Amino acid sequence: MNAADTHRTINAVWRIESARIIGALARKVRDVGVAEELAQDALLAALEQWPRDGIPDNPAGWLMAAAKHRGIDRLRKRTLHARKEGEIGRELDARHEIAAADFADAVDAALDDDVGDDLLRLVFTACHPVLSREARVALTLRLLGGLGTDEIARSFLVPEATIAQRIVRAKRTLAAARVPFEAPRAQELAARLSSVLEVIYLVFNEGYSATAGEDWMRPALCDEALRLGRILAELMADEPEVHGLVALMEIQASRANARVDADGEPVLLLDQNRARWDSLLIRRGLAALERAEKLGGALGPYALQAAIAACHARARTAAQTDWARIAALYEALAQVSPSPIVELNRAVALSMAFGPATGLELVDALRSEPQLRGYHLLPSVRGDLLARLGRQAEAGEEFRRAAEMTRNARERKLLLMRAQACARNASADRD
C-alpha cells in the first residue's frame, strides 16, 4: 500500500473510530478537551508510523493504545515536575492523583465497557446548552464527526480561525462550568435531548439547503447528520423524537439526487423527477416514523415534520400530493412548536389545497412578523402565490426582493430567473 492509500485509510479509520476513542478516554480523564488531545496525539503517531510499518491488524485498538500511552507519558512528566494540577489522571473528586499504572488499567477497562454509553455521554457533552448554538455545532462535528477544523470551516463558509476559536472556547466553557461527562438524568433528559436533536438537524439543514456560497446543497453535511442521528437512535431506542428526527432526515435526504440538475442548479420540489428519489432512504424514513408513532411520539415536532415529508414521499407525482393533510399536519405542528416559519409553510400547503388566494391571506398576515424580517423565503413564497393569481408584476418584485436577501448564489440566480419570467408575462399581458 502506497503512502497516499495509507493516509486515506487512516482518515477513514479516524472518521469512524475517533468518537469512540475520545468517549472512552473522556470517561476516565473527565475532560473532553484533554481526551481529544490524547486521541489527536495518537492520530499523529499513526500518520508517522503506519506509512512506514504498515496498517495494524486492529487499527482502532492501536489508536486507543497509543492514546493511552501518551496519557501515561503526560502523567509521568507531570509527576516528575511535581505539578499539582494537570489534565491527566485526576480522580473524580480531584483530591488525589491516579498512578500511571492505574490510568493504563482504567483505559484498558474502558475498551471492554459498553461503547454506546461513552458515545452517548460524548453526544450530550458536545451539545450541552451551556454552549452557544454555533459552538455546539462545531464541537459536535469535531468530536463526533471526526472532521478537521478546516473541513468544518469549509462546510459553513467561515474562516478556519473562527471555527478553531469556537472549539477552543467550547472546551474551556465546558471545563469552567464543570459539565459532568455523563448522560443527563431522567428529569433533565427532555431539555438536554432537544439541544442534541437541534444540533443534528442544524447540521443536516445546512447541508440540505446551504445558507450561503456557490452550492445549493452540501451533501457531506447531510450524510454526517444522518450518521449521528442513526447512532443516537441506536443509543436511545425508546425516545420517539430521536426516531422522528431520523425519519425526517432520511426522507428529505432521499430527494438529494433530484434537487439539482446536471449543472448543479436547484430543482424545486414540484418540478423534481420523483423516479430519482432514493427508495431505500424513503423506506428507512417511513420505518423510523412508524417507530416514533408506536412509541407514542406522533405529535412530536420532528415526527410531525417527518409525517409531512412522508406525504410527499408517498405521492408518485406532485399532483397526487395530499396537500390538505399536509396543511393539517402543519396546523398540529404550530400547536406544539409555534413559529412564523411553520405558519409560512402552512400557507403554502393551504394554497396548494384550497387555492393561492387562501395562502396569500395568511402570508400577508405574516409580513409584520419580526422573525421573518430579512427571511428571503417570505417574499419568495409571496411571489409564487402572486404569480399563480396572475399578478405578475407584483410577483416579479417579490422575487427580486427575495434574491437580494439570500446569500446562496444558486438560489439568487433561480429567484432572478423567476423575476424575469414574471416580467415577461406581465409584458405579454399588457400587449
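The values are calculated or read from the model by the stated rules, or taken from the named source; none is laboratory data. What you see is a predicted model, and the numbers here were worked out from it, not measured in a lab. Heads up, the Cβs are rebuilt from the backbone with ideal geometry, glycines too, and the neighbour counts pull from every protein chain shown.
Residues that are in contact (Cβ under 8 Å) with a residue 12 or more places away in the chain and within 23 Å of the chain's Cα centre (by Cα) within the stretch 330-342 comprise Tyr330, Leu333, Ala334, Val336, Ser337, Ser339, Pro340, Ile341, Val342, listed in sequence order.
Given the criteria outside the structural domain of Ile231 (by TED's automatic domain parsing) and within 18 Å of Thr149 (Cβ to Cβ), does Arg15 qualify? Walk me through it before giving the result.
Values: outside the structural domain of Ile231 (by TED's automatic domain parsing): yes; within 18 Å of Thr149 (Cβ to Cβ): yes.
When the stated conditions are applied, Arg15 passes them.
Note on the stretch 163-190: among residues that are under 18 Å from the mean Cα position of the chain (by Cα) and over 30 Å from Asn257 (Cα atoms), the one that is surrounded by the most Cβ atoms within 10 Å (Cβ to Cβ) is Ala170. Residues that are over 15 Å from Ile72 (Cβ atoms) and out of contact with any Ser or Thr (no Cβ under 7 Å at 6 or more places or on another chain) were ranked within the stretch 25-34; the one that is surrounded by the most Cβ atoms within 10 Å (Cβ to Cβ) is Ala26. Within the stretch 291-303, the residues that satisfy the criterion of being surrounded by fewer than 24 Cβ atoms within 10 Å (Cβ to Cβ) and in a helix (DSSP H, G or I) are Arg291, Glu293, Lys294, Pro301.
Of all residues in the stretch 327-368, exactly one satisfies the criterion of being of a type in the set (Phe, Trp, Tyr) and under 16 Å from Gly300 (Cα atoms), namely Tyr330. Residue count for the stretch 194-222 under the criterion of being without any contact (Cβ under 8 Å) to a residue 60 or more places away in the chain, surrounded by 17 or more Cβ atoms within 10 Å (Cβ to Cβ) and not in a loop (DSSP other than H, G, I, E, B): the result is 5. Listed by position, the helices (runs of 4 or more DSSP H) enclosed by the stretch 1-113 that each have at least 3 residues that are at pLDDT 55 or above and of a type outside the set (Ser, Thr, Tyr) are 3-29, 32-53, 59-80. Restricting Ala288, Ala327 to those that are in a helix (DSSP H, G or I), buried (at least 19 other Cβ atoms within 10 Å of the Cβ) and under 21 Å from the mean Cα position of the chain (by Cα) reduces the list to Ala288. Of all the numbered requirements in (1) free of Cβ contacts under 8 Å to residues at least 40 places away in the same chain; (2) touching a helix residue (DSSP H, G or I) at 6+ places or on another chain (Cβ under 8 Å), Ala60 misses one, and that requirement is (1).
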